[in-house]
Amino acid sequence: MGVKFYKSILMQRAKDMKFKYWLPDENNERQEHETDKNAVIIVGANGSGKSKLGAWIEQQSMDLVHRIGAQRNLNFKENIPLRNYSQSEDLVFYGTDNPDSKANKGYRWDWGKYTTKMMDDFEAVLSAILALKNEENDAFVSEYKKSKESNHNMPDPPTTAVDKLLAIWDCVFPQRKLYICDSKFYAVLGDQKYPANQMSDGERSVLYFASQVLCVPKDKILIIDEPEIHLHKSIMNTLWTTLEQYRKDCLFIYITHDINFATLHEHADKFWIKQYNGVKWVFKKIEKDINLPENLLLDILGSRKSVLFVEGGKFSCDIRLYSILYPNYYIIPCGSCEQVISRTKAFRETNILHHFEVYGIIDRDFRSEHELEIYKAKNVYAINVAEIENLFITEEVVRFIASCFGKNENDIFSEIKNYIVKERFEKQIDSQISKSVLYEIKYRLSNSAIDGRNKEEINSSLKNFISSLKYEDIWKEQNDKFQNALSDDNYKDIIKIFNEKNLSSAIGHYFGIKNKEYIATVISMMSANEVNKKKFVSALTSYLPTEIPRN
């Protein structure tokens, strides 16, 4: 590109604080983007052509873009060679100070290894920092002398590149100091001082990145391929946000697979590499107005799987069981049923996820068929038992687990059925009916059209609701449902309506194990044996919603 074109870009950015950069469109043609931030993050999974993308962006303007590759040699000698700044700048930016070899940065990268070459420029970077400091001090001394000769106000001493480096180091490593003496760099921790080339990988990475960014010429686009390498997550964002503050003249483009880095870097514009076929990329921008947790969105994008929202927490049996039943899905625990419904709705309405299948699955609890039909329209479906824990006490699973333990299937199921039906359900039936009636009333109340602008109107609206509620009909309907299941001795119907979480935690002794260990034992047995897992999944197929494909 012409020099005038890039000068106009820089002048325009200085005027309105906008940065321009380029990404390839679906035809691999250059598409211009603009941002008022000085950070852009591009997230891509392994194999999504991240390094090639960094090279593509650099090739759009070799003079404007400086790329820090993912392959970085962090070794250097204790004594840093001293050069003037012009030499050092050329070595960092072009890889050589030979004018005949500087064209298009071919020497720095080696065209044959443009995305794979190990960068071995640490000494050049440190030399550039020292040279830049010396140049800044020389400029100050010169200005000071002129001011003194002309009796003008004396200039303030400059904040040199080394001063900035030390300040950045203090932000990242407040418990240890960076010490520079002549051409040597040291780390100081308490009374201990050790040469910089003996630092940890993390310390050397901070020194390398900070020095590299500070010594790069003004007004550049900096591409950082895998900014997370060798950096602990606790210091990663501190380092890069601090560097962005010190180099507000530069646009930082990070290319990474680290979702945490992207999420914590809140102020940056973000893109996701949706697809890469070896030649072309397809991008999606992560819009700020998406009403979704960004870390969750990036997790889903990175997984490339269809999504299943479930109840329960991260360590509940829900996520462990559903991971077995739906191995091709990215399982996300949401806590409550309400969260499953709202998350499923939000993600299905998000354009960036239109190519993903998104479902929600919930416990049946005391919900009516009418209520469940409403949820189906939102892609949320219920299992055919009252609680997920009841899946572990289905006849099919009980018989299968009994066979795994070498016990008589008929005897074990008969004993467990008798316990569940006679000892638990029959004795708790009145309580279960009452809870079911209360749930239905609360559900109807929460979805009622009670309204009014004053006391009288609200009172009238409430009376109309109560009269339309038909409480006796609700009670009869729920009572008949529970009593019929009991009188018919229908085990499948009973566990479909018996809303009691601890049933599965009371039957372990029938198999010769502790009651509280039953669920964990079953899940462990299924996870460790593929044959058992297939039989277990097959045993539960009839209890899972047919609307959610499992393959």
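A few notes on this one:
- Val380 being within 29 Å of Ile273 (Cα to Cα), surrounded by 21 or more Cβ atoms within 10 Å (Cβ to Cβ) and in the same structural domain as Ile494 (by TED's automatic domain parsing): yes
- The listed residue being closer than 23 Å to Phe392 by Cα and of a type outside the set (Lys, Arg), out of Asn454, Asn447, Asn484, Asn490: Asn490
- In the stretch 445-473, the residues that are under 25 Å from Ile433 (Cβ atoms) reach residues that are outside any helix (DSSP H, G or I) with C-beta atoms within less than 8 angstrom, at least six apart or across chains, in these pairs: Phe465/Ser448; Phe465/Ala449; Phe465/Ile450.
- For the stretch 383-408, taking the residues that are of a type in the set (D, E, K, R) and buried (at least 20 other Cβ atoms within 10 Å of the Cβ), the one that is nearest to Gln339 (Cα to Cα) is identified as Glu387.
- Those residues of the stretch 29-51 which are touching a residue at least 60 places away in the same chain (Cβ under 8 Å), closer than 17 Å to Ala268 by Cα and in a loop (DSSP other than H, G, I, E, B), in sequence order: Lys37, Asn38, Gly44
- Residues that are surrounded by fewer than 20 Cβ atoms within 10 Å (Cβ to Cβ) and part of a helix (DSSP H, G or I), drawn from the stretch 215-236: Lys233, Ser234, Ile235
- Of residues in the stretch 525-545 being within 30 Å of the chain's Cα centre (by Cα) and closer than 23 Å to Ile362 by Cα, the one surrounded by the most Cβ atoms within 10 Å (Cβ to Cβ): Met526
- Screening Lys50 with (1) among the basic types (Lys, Arg); (2) modelled with pLDDT of 85 or more; (3) more than 27 Å from the chain's Cα centre (by Cα) gives one miss only, at (3).
- Count of the stretch 428-469 residues, restricted to those that are among the acidic types (Asp, Glu) and within 30 Å of Glu500 (Cβ to Cβ), is 2.
- Residue identified as of a type outside the set (Gly, Ala, Ser) and either within 40 Å of the chain's Cα centre (by Cα) or surrounded by 14 or more Cβ atoms within 10 Å (Cβ to Cβ) (or both) among Arg453, Arg424: Arg424
- Just one of the listed residues (Tyr381, Tyr419) is part of a strand (DSSP E or B) and at pLDDT 95 or above, and it is Tyr381.
- The lone criterion from (1) modelled with pLDDT of 80 or more; (2) buried (at least 20 other Cβ atoms within 10 Å of the Cβ) left unmet by Ser86 is number (2).
- Residues that are more than 25 Å from Asn328 (Cα to Cα) and either without any contact (Cβ under 8 Å) to a residue 40 or more places away in the chain or not small (Gly, Ala, Ser) (or both), drawn from the stretch 356-371: Asp365, Phe366, Arg367, Glu369, His370, Glu371
- Test: residue in the stretch 300-313 that is of a type in the set (A, V, I, L, M, F, W, C), at pLDDT below 85 and more than 20 Å from Phe271 (Cβ to Cβ): no
- Note on the stretch 498-533: residues that are among the aliphatic types (A, V, I, L, M), part of a helix (DSSP H, G or I) and closer than 20 Å to Glu415 by Cα total 4.
- Among the residues of the stretch 478-496, those that are surrounded by fewer than 15 Cβ atoms within 10 Å (Cβ to Cβ), in a helix (DSSP H, G or I) and either outside the structural domain of Ala386 (by TED's automatic domain parsing) or without any contact (Cβ under 8 Å) to a residue 60 or more places away in the chain (or both) comprise Asp480, Gln483, Asn484, Ser487.
- Near pairs, Cβ below 6 angstrom, 6+ apart or cross-chain, from the stretch 54-80 (in the same structural domain as Asp182 (by TED's automatic domain parsing) and of a type in the set (D, E, K, R)) to any residue that is in a strand (DSSP E or B) and crowded, with 18+ Cβ neighbours inside 10 Å: Glu58/Val65; Glu58/Arg67; Arg67/Ile223; Arg72/Met119
- Cβ pairs under 9 Å, 6+ apart, first in the stretch 190-204 and assigned by TED's automatic domain parsing to the domain that holds Phe76, second part of a helix (DSSP H, G or I) and among the acidic types (Asp, Glu): Ala196/Glu203
The values are calculated or read from the model by the stated rules, or taken from the named source; none is laboratory data. Remember, predicted model here, so these are calculated numbers, not experimental data. Glycine gets a Cβ as well: all are built from the backbone with ideal geometry, and neighbour counts include every protein chain shown.
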